[in-house]
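This report concerns only the one structure given below.
Read-outs: derived from the displayed coordinates by stated rules, not from any lab. None of the values given here were measured: they were computed from a predicted structure. Because the Cβ atoms are built from the backbone with ideal geometry, glycine has one as well, and the counts that use them run over all protein chains shown.
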Amino acid sequence: AVGTGLNAHPELSQKVSEELTQLIGTKFVSSPSKFHALTSHDAINFTHGAMKGLAANLMKIANDIRWLASGPRCGLGELIIPENEPGSSIMPGKVNPTQ
């Protein structure tokens, strides 16, 4: 099986890890279970899940701010965002909050 080290010298993975640690300066270790390391992507999945949760929370915050600042003629208008530049000539009352 490719990547498991079945046909390699028993000390190869440890020696390669030590050499990489010296060359790069970041600690490298060989997985105790090569088959599990090949089939499992736990760290990537956990990181992806955390980033997806963060993205969902940031989207909720952005939508809440957008709704709370909606107005002036209709909408909630509970939040006032400073008017930094004029809005559209087609849509009176529109404000482009920038910066």
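Separation of segment 43-60 from segment 5-31 is 32 Å, based on Cα centroids. Only helices enter this figure: runs of n ≥ 4 DSSP H residues, each worth -39500 (n - 2.57), summed and divided by the residues of the chain, yield -15500 deg cm²/dmol at 222 nm to the nearest 500. For a straight C-alpha distance cut-off of 26 angstrom, the lysines reachable from residue 52 (same-chain residues fewer than eight places away being disregarded) are 60.
Helix 42-68 and the longest principal axis of the Cα set of the chain meet at an angle near 0°. Applying the criteria of a DSSP loop state and at most 13 other Cβ atoms within 10 Å to the GluC sites (Glu not before Pro) of segment 1-81 yields 11, 78. Using a cut-off of 18 Å between alpha-carbon atoms, which aspartates and glutamates can reach residue 27, once sequence neighbours fewer than 8 places away in the same chain are excluded? Qualifying aspartates and glutamates at Cα under 18 Å: 11, 18, 19. Pairs of Cα atoms nearer than 8 Å and 6+ residues apart set the relative contact order; for segment 1-40 it is 40 percent.
Sorted ascending by nearby beta carbons within 10 Å, beginning with the fewest, 28, 46 become 46, 28.
For the chain, the gyration tensor built on C-alpha atoms gives a prolate shape. Its axis ratio a/c (a ≥ b ≥ c) is at least 1.5, and a/b is the larger of a/b and b/c.
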